[in-house]
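Colleague: Have a look at this one before I ask anything.
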Amino acid sequence: MRNYVVGLDIGGTRTKIGLVDTQELKVLDARIFPTEKKEKERFFGGIREALSELCGKNQIPPEAVAGIGAGIGSYIFREGGTVDSTWGYIPCLDRVALADELRARLGKSCMVDNDLRAIALAESSVGAGAGSSRVLNVTLGTGVGVCLTVDGAFTDQEAYTHLAGHIKVRDRDEWVEALDRERCYCSVSGCMENTCSATSLRKMAGQMVRPGIGNEELFALAGEGDEGARTCLAFFFDCLLRGLNQMVYIFSPDKIVLGGGITKAFRPYLGRLQQGLTARVNSRQEPELAISDLEENSGILGAALLWVGQYKGMDNSLLW
């Protein structure tokens with residue numbers, strides 16, 4: 001019998017669940033539904049309903065589902081897969097032993113980790129980082145998430161570096177009202193997360209181009225030669241490069257994979273970004289930039305791979 005693993009990508013707004021074929025390592029089918037933030041029973045009920053729908057549609061019996069992997073935006077303690085905090089995004093899961101809860105409610109073994117670590121696992125195994133040794137994944141979404149893998153494996157058992165996006169990338173004289181009227185929770189003025197996330201770009205565009213503009217429209221206008229849009233993106237990319245160059249010195253990657261919805265629009269600028277990535281740890285190093293091509297499936301696939309343990313150097317003692 002062909003086996004499948006469930007991949008759960010739990011976000012503050014949406015939860016993505018998919019069936020992953022463990023032989024071909026691809027997402028067979030997936031569902032996206034709103035994340036229940038306040039009531040724990042409704043949160044788990046939504047997962048159970050979506051999983052039942054997926055299995056029914058694809059005629060997969062429950063016994064063919066080997067286990068569940070889940071990624072969530074939090075530090076995760078290994079004991080019970082306990083969620084440390086979701087920073088107010090999903091209050092019903094704060095301090096919850098998520099792996100234990102999923103195991104008890106769905107009757108399947110489960111592994112839970114930080115969502116950026118799951119994405120990094122997918123990218124370094126079957127995504128844009130496959131074939132490179134030291135792969136640094138930088139995801140630009142609501143915030144900025146960071147994870148390094150070496151030869152397809154995590155360098156630590158827990159998510160010690162996922163908040164590295166709070167390094168400083170703007171000086172005092174580069175104050176931007178739309179970004180700085182409220183300081184980031186990290187208390188670092190001009191941090192990368194408060195400058196280079198998708199959320200921050202939208203805020204900056206609203207000030208520099210026009211109120212209410214979205215990131216997709218911003219890139220379209222820049223492509224048409226709009227001066228305000230081009231100026232906004234030039235500043236954004238300059239700050240992004242400041243952050244990436246610092247990360248080269250910290251993590252010494254062979255490849256940096258940029259992920260998150262907005263990075264699809266980065267492709268016309270990739271050569272310029274590569275040229276601006278000037279940091280080197282040694283004379284032989286040539287860090288390469290790449291854009292994720294897994295898109296929506298990266299979190300699902302990575303979560304499943306947490307359970308499958310397909311990446312090189314996986315210690316079986318890390319599987320729950």
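Laboratory data are not the source of any read-out in this text; all were calculated from the coordinates shown. Just so you know, these numbers come straight off a predicted model, no measurement behind them. Positions of Cβ are generated from backbone atoms using ideal geometry, with glycine treated the same way; all protein chains shown enter the neighbour counts.
Colleague: Can you compute the modelled spin-label distance between Ser85 and Lys26, with each label point 7 Å from Cα toward Cβ, in nm?
Modeller: Taking the simple label geometry, Ser85 and Lys26 are separated by 4.2 nm.
Colleague: Right, next: Using mean Cβ contacts within 10 Å as the protection proxy, how do 64-72, 278-286 order, highest first?
Modeller: Ranked from most to least packed, the peptides come out as 64-72, 278-286.
Colleague: In Å, what Rg and Dmax follow from the Cα atoms of the chain?
Modeller: Just the Cα atoms of the chain yield Rg and Dmax of 19.7, 63 Å.
Colleague: Would you kindly derive the ³J(HN,Hα) couplings of the range 47-62 from the backbone phi angles with the Karplus curve 6.51 cos²θ - 1.76 cosθ + 1.60 (θ = phi - 60°), listing them in order in whole Hz, with x for Gly and Pro?
Modeller: Computed from phi, the couplings for the range 47-62 are 5, 4, 5, 5, 5, 4, 5, 4, 5, x, 4, 9, 6, 10, x, x Hz.
Colleague: So what is Rg over Rh here for the range 61-185, counting just Cα atoms and using Kirkwood for Rh?
Modeller: Rg/Rh for the range 61-185 comes to 1.05.
Colleague: Shifting gears a bit: Taking springs between alpha-carbon atoms closer than 10 angstrom, which of Gly276, Gly141, Gly260 fluctuates most in the Gaussian network model of the chain?
Modeller: Gly276
Colleague: I've got another one for you. Give me D for the range 3-64 in µm² s⁻¹, whole number, from Stokes-Einstein with Rh from the Kirkwood sum over alpha-carbon pairs, 4 °C and 1.567 mPa s.
Modeller: Roughly 108 µm²/s, to the nearest whole number.
Colleague: Using helices alone, I'd like the mean residue ellipticity at 222 nm for the chain: each DSSP H run of four-plus residues gives -39500 (n - 2.57), total over residue count, nearest 500.
Modeller: It comes out at -10500 deg cm²/dmol, rounded to the nearest 500.
Colleague: Right, here's the next one. Once phi is turned into θ = phi - 60°, what whole-Hz ³J(HN,Hα) does the Karplus curve with 6.51, -1.76 and 1.60 give for every residue of the range 145-158, x standing for Gly and Pro?
Modeller: Each residue's phi maps through the Karplus curve to give x, 9, 8, 9, 10, 10, 6, x, 10, 5, 8, 9, 6, 10 Hz.
Colleague: Read phi for every residue in the range 82-93 and hand back ³J(HN,Hα) as whole Hz from Karplus 6.51 cos²θ - 1.76 cosθ + 1.60, θ = phi - 60°, with x for Gly and Pro.
Modeller: Whole-Hz 3J(HN,Hα) from phi for the range 82-93: 7, 6, 6, 6, 9, 6, x, 6, 9, x, 5, 9.
Colleague: Still on this structure, please answer the following. For Gly141, what residues show an amide H to amide H distance below 5 Å, using hydrogens built from the backbone and excluding near sequence neighbours?
Modeller: Ala198
Colleague: Let me ask something else. Taking only Cα atoms of the range 131-263, what ratio of Rg to Rh do you get with Rh as the Kirkwood inverse-distance radius?
Modeller: 1.00
Colleague: Additional query: What distance in nm lies between label points placed 7 Å from Cα along the C-beta direction at Glu177 and Gln59?
Modeller: Result for the modelled spin labels: 6.2 nm.
Colleague: Right, something else. Between the alpha-carbon centers of the range 147-197 and the range 7-34, tell me the distance in whole angstrom.
Modeller: 27
Colleague: Wrap a convex hull around the Cα atoms of the range 1-129, take a quarter of its surface area, and give that in square nanometres.
Modeller: The Cα convex hull of the range 1-129, projected and averaged over all directions, gives 7.5 nm².
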